[in-house]
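The values are calculated or read from the model by the stated rules, or taken from the named source; none is laboratory data. All figures in this text were calculated on a predicted structure; none of them were measured in a lab. All Cβ positions, even for glycine, are placed from backbone atoms using ideal geometry, and neighbour counts span all protein chains on display. Just the protein is used for accessible areas: all its heavy atoms, side chains included, with ligands, DNA and RNA removed. Shrake-Rupley method; radii C 1.70, N 1.55, O 1.52, S 1.80 Å.
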Amino acid sequence: MPEVVDKLIEFHKLNRDEYAELLKYSENAEVRDRLSSEAVKLRKEYYGDKVFTRGLIEFTNYCKNDCYYCGIRRSNANADRYRLTKEEILDCCRNGYELGFRTFVLQGGEDGYYTDERMADIVRCIRRDYPDCAITLSIGEKSYESYRMYKEAGADRYLLRHETANDEHYRVLHPEDMSLKNRKECLYNLKKLGYQVGAGFMVGSPGQSIYTLADDMMFIQELAPEMVGIGPFIPHKDTKFKDEKAGTVDLTLYLLSIIRIMLPKVLLPATTALGTVDARGREKGLMTGCNVVMPNLSPVMNRKKYDLYDNKICTGEEAAECRGCLERRVESVGYRLVSERGDAL
Ligand code: 5AD
Ligand code: FES
């Protein structure tokens, strides 16, 4: 067994060169199994057989950004744009609450229509109607002051994937008007404000290497977020990356196990993208240290339009179907979907 494997397991941390070294073994069956069983051992130690669930509400696909990989990027004229009203969002929550969700994730593009006032009003209404639920926002880069307003309105958590912690790689994926520096600053601001924070990245995005991934591991180690969202990159037909290869399940699983060992108490979702590249991808994630699933609560008529990547699953299902489907999938690998807020330990 390579020395770096034992070192990660013993100290829950490595340096950049060691992460790069560890990443060379992603196709070595023995190393994979060792990391995976250690990851599962840790997740069971802290979370037993519980899997937390989050109701995902994709409330707008308008976006002012132009990230090269994303299907709802500003310059994609083929994207069929929509916005949900506050009432429609609250309907999703009502439906979700009845189905047992105790966390609502409001995710959207960076859409100027939802001013800070409008956003705070939506959050306040959810907070008033569902005092026992967690509210998670995932609406991109905002100022410290904006984040403070949402927090005061009742938001508990914030998801903002850093996408890559390597400057050069960041430039491969994003146009000039975006910067890794600002993204990192946002994440630190969110932490400072007391949010439970989620960072993360796509696996197998164009230009990624074991060295950029080593930077991702170092950044996650330093930030120590409460949540980490990773899923395979999947090409979208209307982007310049349309002919690029998708990220693999195997590398995603390998990274999930490393992240679980690095941050034993982390909330780690088995993502929709993982379920898209492999019909049993989410189950495989759960068997490698994941402890969260995020089914879709958005109205069915909008789902296809929240088109980040090709062939996204669940776009024709009602919320109840996704909930039921995931419950069965979770149980098929020996875990149990619970109806709790599922806060970070
Ligand atoms: N493939 C996989 N994931 C994607 N995302 C955006 N576009 C793609 C794609 N083509 C991810 C980004 C973003 C999250 C909401 O969706 O990581 O942060
Ligand atoms: Fe949506 Fe399976 S999770 S149908």
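List of remarks:
- A search for C-beta distances below 7 Å between a residue of region 313-325 that is away from ligand 1 (no atom under 16 Å from the Cβ) and any residue that is open to solvent by 40 Å² or more (accessible area, probe 1.4 Å), counting only pairs 6+ apart in sequence or on different chains, returns G316/V300; E318/V300; A319/N95; A319/L99; A320/L99; R323/L99.
- Residue under evaluation N189, criteria (1) more than 17 Å from the chain's Cα centre (by Cα); (2) under 26 Å from L14 (Cβ atoms), criterion not met: (2)
- Every test in (1) surrounded by 15 or more Cβ atoms within 10 Å (Cβ to Cβ); (2) away from ligand 2 (no atom under 12 Å from the Cβ) is passed by V330 save one, and that test is (2).
- Looking only at region 56-104, and only at residues there that are open to solvent by less than 20 Å² (accessible area, probe 1.4 Å) and aromatic (F, W, Y), the one that is nearest to ligand 2 (Cβ to nearest atom): F101
- The set of residues in region 155-167 that are of a type outside the set (A, V, I, L, M, F, W, C), open to solvent by 10 Å² or more (accessible area, probe 1.4 Å) and in a loop (DSSP other than H, G, I, E, B) comprises D156, R161, N166.
- Residue in region 43-55 that is closer than 30 Å to S332 by Cα, assigned to a strand (DSSP E or B), open to solvent by 20 Å² or more (accessible area, probe 1.4 Å) and of a type outside the set (S, T, N, Q) present: yes
- Only listed residue being of a type in the set (S, T, Y), more than 30 Å from G281 (Cβ to Cβ), touching a strand residue (DSSP E or B) at 6+ places or on another chain (Cβ under 8 Å) and assigned to a helix (DSSP H, G or I), chosen from Y114, Y188, Y170, Y150: Y150
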